[in-house]
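Below: one structure, written as structure tokens.
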Amino acid sequence: MKMREVDDAALQRSRIFVDTPAALSEGGDVAQGLASGAIARSDVVADLAALVSGALGRGMAEEITLFKSLGAAIEDLAAATWVWNKAGMA
């Protein structure tokens, strides 16, 4: 949880999404922002499951979108499956 790629100011300017709820406590950027009070849980708009189920993502072009991914294996599998199918290997 100690590593960060963005600071609190960037979190505060962003529309925040996470891959899994675990990112709230394990993902350095978001977890540290929550712990310091720089952002609130309500600032995290949705997780990946909600997004693919129809939750509103980016609302306008001017928004800064931050997606914090812990690197869940299911994401790797989904990407590999998409590439495999796109290449006509299925």
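Annotations for the structure displayed:
- Of all residues in region 67-88, those being assigned to a helix (DSSP H, G or I), open to solvent by less than 70 Å² (accessible area, probe 1.4 Å) and farther than 26 Å from residue 56 by Cβ number 1.
- Residue count for region 35-50, restricted to those that are surrounded by 16 or more Cβ atoms within 10 Å (Cβ to Cβ) and modelled with pLDDT under 90: 1
- Residue in region 46-60 that is of a type in the set (D, E, K, R), over 14 Å from residue 23 (Cα atoms) and part of a loop (DSSP other than H, G, I, E, B) present: yes
- Verdict on residue 19 being under 20 Å from residue 73 (Cβ atoms), surrounded by 19 or more Cβ atoms within 10 Å (Cβ to Cβ) and modelled with pLDDT of 90 or more: no
Residue-by-condition table, conditions (1) open to solvent by less than 60 Å² (accessible area, probe 1.4 Å); (2) over 18 Å from residue 72 (Cβ atoms):
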residue: 8; (1), (2): yes, yes
residue: 12; (1), (2): no, yes
residue: 28; (1), (2): yes, no
residue: 33; (1), (2): yes, yes
residue: 52; (1), (2): no, no
residue: 56; (1), (2): no, yes
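- For first residues located in region 5-27 and basic (Lys, Arg), partners that are buried (at least 17 other Cβ atoms within 10 Å of the Cβ) and lie 6+ apart or on another chain with Cβ distances below 9 Å form the pairs 13/66; 15/45; 15/66.
- Test: residue in region 73-89 that is in contact with a helix residue (DSSP H, G or I) (Cβ under 8 Å, 6 or more places away or on another chain) and at pLDDT 90 or above: no
- Selection over region 58-72 of residues that are out of contact with any Lys or Arg (no Cβ under 8 Å at 6 or more places or on another chain) and modelled with pLDDT of 85 or more gives a count of 7.
The values are calculated or read from the model by the stated rules, or taken from the named source; none is laboratory data. Computed from a predicted structure; not experimentally measured. Ideal geometry is used to build each Cβ from the backbone, glycine not excepted, and the neighbour counts take in all protein chains shown. Note: areas computed on protein heavy atoms with side chains; ligands, DNA, RNA excluded. Shrake-Rupley method; radii C 1.70, N 1.55, O 1.52, S 1.80 Å.
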